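Engineer: First the structure, which I've put down as structure tokens, then a few questions once you've had a look.
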Amino acid sequence: MMKLYVETKRQVADCILFYRLGDFYEMFFDDAVMVSQELGLTLTGKECGLPERAPMCGVPHHAVESYLNKLVQNGHKVAICEQVEDPKKAVGLVKREVVRIVTPGTNLDTDDLDASRNNYLMCVFCLGEKSGIATVDITTGTFLVTETDSRRKLRDEILRFSPAEIICNDAFELTGLNLQEIKDQTGATIFTLDSTYFDDEECRQSIKDHFHVGNLQGLGLADMDAGVAATGATLRYLTETQKTKLENLTTIEPYSIGKYMVLDSFTRRNLELTETLREKNRRGSLLWVLDKTKTAMGARLLRSFLEQPLVDSEEIEARLTAVEELNQNAITREELREYLGPVYDLERLISRIAFMTANPRDLIALKTSLGMVPAIKTALQEFQSPLLSSIREEIDPLEDVCSLIGKAIVDDPPVAVREGGFIREGYSEEVDHLRSAKTDGKQWLADIEAREKERTGIQKMKIRYNKVFGYYLEIPNSYRGEIPQDYIRKQTLVNAERYITPELKKLEETILGAQDRLVQLEYDLFVELRNKISDCTLRIQQTAKALAQTDVFCSLAAVAERNRYVRPKINTRGAIDIREGRHPVVEQMMSSGEFIPNDTVLDNHKNRVSIITGPNMAGKSTYMRQSALIVLMAQIGSFVPARSADIGIVDRIFTRVGASDDLASGQSTFMVEMSEVANILRQATKNSLLILDEIGRGTSTYDGLSIAWAVVEHVADTKKLGAKTLFATHYHELTELEGKIPGINNYCIAVREKGDDIVFLRKIVRGGADKSYGIQVAKLAGVPDDVISRAKELAAELSDSDITEKVQEITETDEAERPKKKHHKVDEVDMNQMSLFDTVSDADIVRELMEIDVSHLTPLDALNTIYALQNKMKNRWSGA
Ligand SMILES: Nc1ncnc2c1ncn2[C@@H]1O[C@H](COP(=O)(O)OP(=O)(O)OP(=O)(O)O)[C@@H](O)[C@H]1O
């Protein structure tokens, strides 16, 4: 046995080998040591003909999937070796072979996967500057392919898909991409394949064979040499690991990277698109606000919308029109959402069917889901927009498949296909007969006994059973002369004789073999049915896709209605004009008070760069992120949180927000900040939107200010970059640039001084703030009083020698040429806003206090809320 094991292990040297022996899967040698360490299993030894016993550990076969999943999640490949029938030998003879290889990107055990995200395997083929990227999710049948000439875009694509596994040629490691960063950010395991996987001719042939086409033109792959290599290698890798036909990969979708807005991983993270920056929670992300989908397919599609906003105005408008129609016809939309409720994950179900791992319950889930499809298709008739009409066209009611399952499988079947008991009565005569044999057998025997008594007149005959003869007729010796000729004598006892008849033996066979035959027959019928459904994979996949889209657009429309979003206008002039915009997440997370809306005006001319100043905690970051999120939402086809919004399409959004240490890569906070800045300045175009928050704060004041200054000059200069930019800073000196460089405007977030304290007004106004109020905010945060007083003393001393003078030297220009700077005394701004605070009553304040959901407040929000309430109270009593 050990010899066979060692031979098998040699074939799958890069895998952990799970070797089935009886009811256990066993591992030996290094595999055993590694698995025992990673899974905490006991390590024992086995005689192997060597002086030392072979290290060994094992897992019971019924629990193998969970052990296997853990290993795969840890980045291992696992090969399963089992006994299979040997077609070359006589029936019943078996051989051992590897039946399946499970890897992180090819794990089919969907129960252990997050339904709201894809499990991608990505194949990267690099040749010179070019890379072909094939991305596949075998649990859903998604298969995408693209090419790029840019390393940066390759990295962005990898990070965008966040694959569980990357397979590549050896040139990938030479691309200069930071593989550790890729592994850290995606959690992907990277395996390098040998060059034979990427052989051009073989790749072309395997693609043609798989998709049953004569040439690659029809698949859209004709001009994609690198894409073809990546696709061909993917098909070979999947065939080798799955050891079966890849029936659910029915289509391949070539796409161009330029079709989508570029969002690098920092931006996705900083804007908290799918999870929050710190806790990595879904709650608090944009996805959390927008995802009111009813199906797992819809949830996955919406996530991919967020990760790849569009740049084509027609496509964006088409989505917006669909959302608008669903928004206006709320009754039918809610009807649709109700119909979508019972729809299971059709994409994953059909993959399980194609890979022959689906059980009877999966088929019932499919039937339940398909049962909703005709109603969804009918409801969609109410909508006329081109996108919703084409979605309706794509939906196949699949009534044939639904009724086939309905006729064949009972409504509440057992999970295990080997237990039987799931074929519906009336579907197969034989099944019905075998079932009756089990339950009606006794009656059949009684009927025979009665009939034979009648026929022979032997009233004392009895049908009995023993293990030696099975069923027999026992007749007392006194009737010996009346025994019919067709009775076959089997045994003579002292007082009686035992007989059998052909009829009795046949019945015995039926009764005794019924259970085994029934289970086998039900299994065969199930496999036949599963294969029939598998033939409909493409139809089911197309319908699933259409249902996922319906779900996403309904969700966007429902969220728009619930949160009072408006349809944005889309323009290609590059002008962004958001009136009374709100932060989609912060406004949902607020447990008390109202979110204060703000305007954003940016264009490619007079309003290119906004320098935003204001105290800490004033709301600068919130304002900048909300502007970026509104642009992004518009470009995925969503309504936006604003009174009105005119959005000039941007090709990229870049953010540099806050300080983030990257200790793992040995980089300091400032180093990380500067590499992000460098990346932005190199990658951004004049059609990009830049969100730069406190550039340069991670170093000394002079250096920081100089860097921030130079960056502003660079982004504002149309000869250099000229990108639309929101730039928040505590360097008030930067406000000097307004009027000096065209396109730069100062804004500040207003606060009001109240004695020694400040009131946050959250309103953005033109002009620069003239004070930073850092000490007041420190006081708010609970810094001890003596430290605060000392800080005030020092601030008074330092103000005389502050760097403003220095800056004025640098910026010395003809004052007459400069437009008058609009420095606001914050006390003067927005008095309307302030009166809001002054007119509340005690009862209002108490009510507001009572309504606070303390369990959902962060400490900072709590502090803010208490402070706001306290101020209202102070205002009231000082006014009284
Ligand atoms: N428009 C608004 N309406 C209501 N609350 C707001 C608004 N803007 C911001 N806030 C609240 O103020 C808090 C602080 O905002 P934010 O972090 O944007 O301030 P900041 O000016 O960037 O601070 P810092 O300079 O210290 O980074 C937010 O957590 C949010 O709860």
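Engineer: Determine if the range 478-495 includes at least one residue that is under 60 Å from the mean Cα position of the chain (by Cα) and either of a type in the set (A, V, I, L, M) or not assigned by TED's automatic domain parsing to the domain that holds Thr357 (or both).
Structural biologist: no
Engineer: Looking only at the range 589-603, filter to residues that are within 10 Å of the ligand (Cβ to nearest atom) and of a type outside the set (S, T, N, Q); which one of those is modelled with the lowest pLDDT?
Structural biologist: For the range 589-603, the residue satisfying everything is Gly593.
Engineer: Please state which one of Ala716, Ala728 is within 19 Å of Thr655 (Cα to Cα), hydrophobic (A, V, I, L, M, F, W, C), away from the ligand (no atom under 16 Å from the Cβ) and within 38 Å of the chain's Cα centre (by Cα).
Structural biologist: Ala716
Engineer: Sticking with this one: Taking interchain pairs and intrachain pairs at least six residues apart, which have beta carbon atoms under 7 angstrom, with the first residue in the range 79-90 and within 28 Å of Met27 (Cβ to Cβ) and the second modelled with pLDDT under 80 and aliphatic (A, V, I, L, M)?
Structural biologist: Pairs that qualify, where the first residue is within 28 Å of Met27 (Cβ to Cβ) and the partner is modelled with pLDDT under 80 and aliphatic (A, V, I, L, M), are Gln83/Val94; Val84/Val94; Glu85/Val94; Asp86/Leu93; Asp86/Val94.
Engineer: Let me ask you something else. Scan the range 701-734 for residues that are crowded, with 22+ Cβ neighbours inside 10 Å, hydroxyl-bearing (Ser, Thr, Tyr) and farther than 22 Å from Gln626 by Cβ and report the count.
Structural biologist: 1
Engineer: Evaluate the following for Ala628: is it more than 8 Å from the ligand (Cβ to nearest atom) and under 30 Å from Glu733 (Cβ atoms)?
Structural biologist: yes
Engineer: If Thr510 meets every condition in (1) under 25 Å from His433 (Cβ atoms); (2) in a loop (DSSP other than H, G, I, E, B); (3) β-branched (Val, Ile, Thr) apart from one, which number is that one?
Structural biologist: For Thr510, the failing item is (2).
Engineer: List, please: which pairs have Cβ atoms under 6 Å, are six or more places apart or on different chains, and start with a residue in the range 640-666 that is at pLDDT below 50 and end with one that is within 16 Å of the ligand (Cβ to nearest atom)?
Structural biologist: Listed pairs, sorted by first residue: Asp661/Thr669.
Engineer: When you scan the range 276-356 for helices (runs of 4 or more DSSP H) that lie fully inside it, which ones turn up with 2 or more residues that are touching a Phe, Trp or Tyr at 6+ places or on another chain (Cβ under 6 Å)?
Structural biologist: 313-328
Engineer: Taking the options Leu388, Leu473, name whichever one is closer than 30 Å to Gly637 by Cβ and either over 60 Å from the mean Cα position of the chain (by Cα) or part of a helix (DSSP H, G or I) (or both).
Structural biologist: One residue alone meets the criteria, Leu388.
Engineer: Quickly run through the range 163-187 and pick out the residues that are closer than 18 Å to Ala226 by Cα and among the small types (Gly, Ala, Ser).
Structural biologist: Ala171
A quick yes/no check of all residues on (1) surrounded by fewer than 24 Cβ atoms within 10 Å (Cβ to Cβ); (2) of a type in the set (A, V, I, L, M); (3) more than 16 Å from the ligand (Cβ to nearest atom); (4) assigned by TED's automatic domain parsing to the domain that holds Ala708:
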residue: Asn746; (1), (2), (3), (4): no, no, no, yes
residue: Val751; (1), (2), (3), (4): no, yes, no, yes
residue: Lys754; (1), (2), (3), (4): yes, no, yes, yes
residue: Arg766; (1), (2), (3), (4): yes, no, yes, yes
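Engineer: Another one. Being within 25 Å of Leu271 (Cα to Cα) and of a type outside the set (Val, Ile, Thr) narrows it down to one residue among Ser313, Ser351; which is it?
Structural biologist: Result: Ser313 is the single residue among Ser313, Ser351 that is within 25 Å of Leu271 (Cα to Cα) and of a type outside the set (Val, Ile, Thr).
Engineer: Here is a follow-up. So which of Thr613, Thr622 ends up being within 13 Å of the ligand (Cβ to nearest atom) and surrounded by fewer than 23 Cβ atoms within 10 Å (Cβ to Cβ)?
Structural biologist: Step by step, each of Thr613, Thr622 is checked, and only Thr622 is within 13 Å of the ligand (Cβ to nearest atom) and surrounded by fewer than 23 Cβ atoms within 10 Å (Cβ to Cβ).
Engineer: List, please: which pairs have Cβ atoms under 7 Å, are six or more places apart or on different chains, and start with a residue in the range 1-30 that is closer than 26 Å to His62 by Cβ and of a type in the set (Asp, Glu) and end with one that is part of a helix (DSSP H, G or I) and at pLDDT below 90?
Structural biologist: Cβ pairs passing all conditions: Asp23/His61.
Engineer: Pick out, from the range 687-757, the strands (runs of 3 or more DSSP E) lying fully within it that include 2 or more residues that are β-branched (Val, Ile, Thr).
Structural biologist: 744-754
Engineer: Only one of these is farther than 20 Å from Thr669 by Cα and at pLDDT 90 or above: Val715, Val711. Name it.
Structural biologist: Val715
Engineer: What is the one condition in (1) under 30 Å from Ala408 (Cβ atoms); (2) of a type in the set (A, V, I, L, M); (3) at pLDDT 90 or above that Leu473 does not satisfy?
Structural biologist: The number of the failed condition is (1).
Engineer: I'm trying to understand the selection: among the residues of the range 74-100, which are modelled with pLDDT of 85 or more and farther than 16 Å from Gln242 by Cβ?
Structural biologist: Within the range 74-100, Asn74, Gly75, His76 meet the criteria.
Engineer: I'd like the residue in the range 252-266 that is modelled with pLDDT under 90 and in contact with a helix residue (DSSP H, G or I) (Cβ under 8 Å, 6 or more places away or on another chain) and, out of all such residues, is nearest to Asp137 (Cα to Cα).
Structural biologist: Ile257
Engineer: Here is a follow-up. Could you please let me know if Lys606 is in contact (Cβ under 8 Å) with a residue 12 or more places away in the chain, away from the ligand (no atom under 14 Å from the Cβ), within 30 Å of Gly298 (Cα to Cα) and surrounded by fewer than 24 Cβ atoms within 10 Å (Cβ to Cβ)?
Structural biologist: Judged against the criteria, Lys606 is not a match.
Engineer: Before we move on, is Asn215 without any contact (Cβ under 8 Å) to a residue 12 or more places away in the chain and polar (S, T, N, Q)?
Structural biologist: yes
Engineer: For the range 226-233, check the following and say yes or no: at least one residue is free of Cβ contacts under 8 Å to residues at least 24 places away in the same chain, assigned to a helix (DSSP H, G or I) and either on the phi > 0 side of the Ramachandran plot or of a type in the set (A, V, I, L, M, F, W, C) (or both).
Structural biologist: No.
The values are calculated or read from the model by the stated rules, or taken from the named source; none is laboratory data. Here the structure is a predicted model, which means the values were calculated and not measured. FYI the Cβ positions are ideal-geometry reconstructions off the backbone, even for glycines, and counts take in every protein chain you see.
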